[in-house]
Structure formats: C-alpha cells, structure tokens
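Chemist: Here's a structure for you.
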Amino acid sequence: MKHLLSLIILIACSYSAFAQNFIGDQKELKAIMAKAEQFSQDVMNGDTEKLVAAYTDDAKLFPTNREILAGTDSIRVYWTFSENSKITYHKLTPLEIKVVGDEAYDYGYYEGTSSFADGSESHWKGKYVVIWKKVDGEWKMYLDIWNSIPNS
C-alpha cells in the first residue's frame, strides 16, 4: 500500500508539473500558440528576419548571462546565426498563457538541440517568460526572458 501511494503521488506531481493553464479568449490563445510554434520553426530555419518580425519594435530580450537587448537592431544581431552551427530542434512548452485585452503573458519551458560543423551536438533546455502585445491585430513579443536549467 505504501508503494502504491508513493506511485500515485509521483504520477500526480509529474502531471501537475506540466499541466497547462490557458486563460482568455480561445481565438487569441490559439493565435499566440501558433506564433510560438512559428517562432520555433523560424529558429530551426535560421530565419533572422522572421524572428525579428516576431517582436514589437520596442521589444527587449533578456538572454541567459547577457545584458538586456533592446530594439530591432539588437534583436537582429542576437538572432543572426553562426555558419558553424544550426539549431536542429526547438520546442516551447507553455505552462500558462493568460490573455488580458491586447496583452498576454506566457511562461513555460523550452528545449532544443544545436548541431555543429564538427558533427557534435548540444542539447539544452530552460524556462521562459514572454509578455505579448497585440500590434495592428497581430500578437508580437514585447519582453522575452529565458534562462537555462541543467540537463538531467
């Protein structure tokens, strides 16, 4: 009985760790999720201009171990990819998205794989928070912060 109770608690904790909570108009939530999926695809495609377009003109990035990057030019430099590596996998797993009018927040986990010219790979993951703004009817990222967590 003790082992069964431990197993039930473990399963419940595992489920709740990745439970998703989406609050707001379903159409807007779907639009934000589609933008996030497109962002991952653009990262894998190495499409700097589409990545820059995913942000508001006054956006700020808060990358791991870096100063705050502000504005389109800084975002373009950040998302310009090296010829010696490629991100071959990128996935966002939102835990909560809440839409409030023309703004929303989104937090969760990210994961990915980078492949290098020498054939090696690096797997990485972390957590993120995005503040979205609706600009001319389109959801764009205004504040984008992320930091890594150890691979297990």
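The values are calculated or read from the model by the stated rules, or taken from the named source; none is laboratory data. Since this is a predicted model, take the numbers as computed values, not measurements. As a convention, Cβ positions derive from the backbone with ideal geometry for all residues, glycine included, and neighbour counts pool all protein chains shown. Please note that ligands, DNA and RNA were not included when accessible areas were found on the heavy atoms of the full protein model with its side chains. Shrake-Rupley method; radii C 1.70, N 1.55, O 1.52, S 1.80 Å.
Chemist: For the stretch 44-61, enumerate the residues that are open to solvent by less than 30 Å² (accessible area, probe 1.4 Å) and either assigned to a loop (DSSP other than H, G, I, E, B) or not aromatic (F, W, Y) (or both).
Modeler: Across the stretch 44-61, the qualifying residues are T48, L51, V52, A54, T56, A59, L61.
Chemist: For T64, which of the numbered conditions (1) in a strand (DSSP E or B); (2) in contact (Cβ under 8 Å) with a residue 40 or more places away in the chain; (3) not acidic (D, E) fails to hold?
Modeler: With respect to (1) in a strand (DSSP E or B); (2) in contact (Cβ under 8 Å) with a residue 40 or more places away in the chain; (3) not acidic (D, E), T64 is out only on (1).
Chemist: Considering (1) open to solvent by less than 60 Å² (accessible area, probe 1.4 Å); (2) at pLDDT 95 or above; (3) in contact with a strand residue (DSSP E or B) (Cβ under 9 Å, 6 or more places away or on another chain), say which one T64 fails and leave the rest.
Modeler: (2)
Chemist: A further question follows. Could we say that T72 is at pLDDT 95 or above, more than 22 Å from M33 (Cβ to Cβ), outside any strand (DSSP E or B) and of a type outside the set (D, E) here?
Modeler: yes
Chemist: May I pose another question? Restricting attention to the stretch 88-107, which residues are in contact (Cβ under 8 Å) with a residue 40 or more places away in the chain, within 26 Å of D47 (Cα to Cα) and either among the basic types (K, R) or out of contact with any Gly (no Cβ under 6 Å at 6 or more places or on another chain) (or both)?
Modeler: Hits for the stretch 88-107 are T88, K91, L92, I97, A104, D106.
Chemist: If I filter the stretch 105-152 down to residues being part of a loop (DSSP other than H, G, I, E, B) and open to solvent by less than 70 Å² (accessible area, probe 1.4 Å), which single residue comes out as nearest to E37 (Cα to Cα)?
Modeler: By that ranking, first place goes to G137.
Chemist: Restricting to the stretch 75-87, what's the tally of residues that are without any contact (Cβ under 8 Å) to a residue 40 or more places away in the chain and not in a loop (DSSP other than H, G, I, E, B)?
Modeler: 5
Chemist: Could you give me the residue pairs with C-beta distances under 9 Å whose first residue belongs to the stretch 114-135 and is free of Cβ contacts under 8 Å to residues at least 40 places away in the same chain and within 30 Å of D57 (Cβ to Cβ), whose second residue is open to solvent by 60 Å² or more (accessible area, probe 1.4 Å) and of a type in the set (K, R) wherever it lies, and which are 6+ apart or on separate chains?
Modeler: S114/K86
Chemist: Ok, one more. Inspect the stretch 30-43 for any residue being out of contact with any helix residue (DSSP H, G or I) (no Cβ under 6 Å at 6 or more places or on another chain), open to solvent by 40 Å² or more (accessible area, probe 1.4 Å) and modelled with pLDDT under 95 and give the result as yes or no.
Modeler: no
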